[in-house]
1. State, as an integer percentage, the relative contact order of segment 17-167 based on alpha-carbon contacts under 8 Å between residues 6 or more apart.
2. What is the sum of charges, Lys and Arg at +1 and Asp and Glu at -1, for the other residues whose Cβ falls under 15 Å from the Cβ of Asn132?
3. For q = 0.16, 0.18, 0.21 Å⁻¹, what log10 I(q)/I(0) does segment 17-167 give under the Debye formula with an equal point scatterer on each alpha carbon and no solvent?
4. Projecting each Cα onto the charge dipole of segment 17-167 (Lys/Arg +1, Asp/Glu -1 at the beta carbon, about the Cα centre), which of Leu77, Asn132, Ala166 comes out farthest on the positive side?
Amino acid sequence: MAREKRFRTSFMGGFKKSDVNAYIERILKEFDEKLKSKDDEISVLRNQNKNLKFRYDELLKKSDEINETRAKIGDVLIQAQEKAEKMLEEAQLEAIEERKRLEETLEQEREKLVDIRTDIKNLKVEIVNLLNKYDEQLSELVKEENEAEADEATGAAEAEVSEEAAAVAEQESGSGEGSDYPKSAYDMGYTRY
């Protein structure tokens, strides 16, 4: 989009409609491709976010349940209260560890996404290089084929000229008997009178 686009002018003034339409279609196609790519990335990230939120809600719910249990047990026995506090601490540690693990997983997934993008760029470069290589090879084959056809045509023309020269030479030398017929017109099996 940063490039400046120049349009040809039409006979009656103004810009050529076909140039403007082609430019607009190309821009729309590029925009649609970029938009689809971004939508796909957003969809993947939303799914990941949804999964992480679901797990977080589960852990939060679990933590709330433990808090309720602690309150009930605290009213009944001190020993039960200590046990509930211990469970709460373990749940909180587990939640912290789980959150830390989820953050690490998220970071790893982000790194994978960066690696995938890098791989895609590298793959695009390889494909372009291969296409260029095949284009060069195809051009060489076409050139060789054209040269072979030219050589073949030259050889055929030379052969035709040689045959005509041989026929002329044979007619000029005649059959040696003073006849008007070329030698090839005689049937060698019969004698003509």
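A short reminder: the numbers here are calculations on the coordinates, not readings from a lab. In this text the structure is predicted, and so the values were computed from the model without any measurement. With ideal geometry, Cβ positions are generated from the backbone for all residues, glycine too; neighbour counts draw on all protein chains shown.
1. The value is 13 percent.
2. So the environment of Asn132 carries a net charge of -2.
3. -1.05, -1.13, -1.23
4. The Cα lying farthest towards the positive end belongs to Leu77.
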